[in-house]
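This report refers to the structure that appears directly beneath it.
Derivation of every value follows stated rules applied to the coordinates shown; laboratory data play no part. Because the structure is predicted, anything quoted here is derived from the model rather than measured. Because the Cβ atoms are built from the backbone with ideal geometry, glycine has one as well, and the counts that use them run over all protein chains shown.
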Amino acid sequence: MSAAKRVGSEAVKLSEEQIHLIAKALADPRRLDLLRQIGSCPKSMQCADIRGCHPVSAATLSHHMKELETAGLVRVTREGKFASYLLRRDVLQAYTEQLAKI
């Protein structure tokens, strides 16, 4: 079974695997805080700005951001050695709709 959310003319469909990855990503309190921080920004958020708000090593932050990206919750844009992150609200909405069906 997969969840779908209409965004314009495109539907976001979540596989069971992606639903599992999202649940796993959001189970970590630090990743949930990171997602909230990224979601509070109207545009994409620079990695350096994210790191400035969280007292963790660059490697730890990189790990958490990779988990959010793998789950499909954030879109990453890379320009050289710089990365910026944007919350994928369509994916988050599709996930919450799937949870509401439980």
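Some observations on this one:
- The residue among Leu35, Leu92, Ile50 whose Cα reaches farthest toward the positive pole of the charge dipole of the range 12-100, with charges on the beta-carbon of Lys, Arg, Asp and Glu, is Ile50.
- Distance between modelled label sites at Lys43 and Thr60, nm, 7 Å Cα→Cβ extension: 3.0
- Stretching Leu86 away from Asp28 to a fully extended chain increases their span by 19.0 nm, per 0.36 nm per residue minus the current alpha-carbon distance.
- Here the simple spin-label model places points 7 Å from the Cα toward Cβ, and for Arg51 and Ile102 these points are separated by 3.5 nm.
- For the chain, the 222 nm mean residue ellipticity estimated from helices alone, with every DSSP H stretch of n ≥ 4 adding -39500 (n - 2.57) and the total spread over all residues, rounds to -15500 deg cm²/dmol.
- Point-charge dipole on Cβ atoms (K/R +1, D/E -1) for the range 46-102, about Cα centre, debye to 20: 60
- Nearest-ten-degree value, helix 29-39 long axis tilted from longest Cα axis of the chain: 90
- Evaluated on the chain, the Kirkwood hydrodynamic radius is 14.1 Å, with distances taken between all distinct Cα atoms.
- The charge dipole of the chain, taken about its Cα centre with unit charges on the Cβ of Lys, Arg, Asp and Glu (plus for the first two, minus for the last two), comes to roughly 160 debye.
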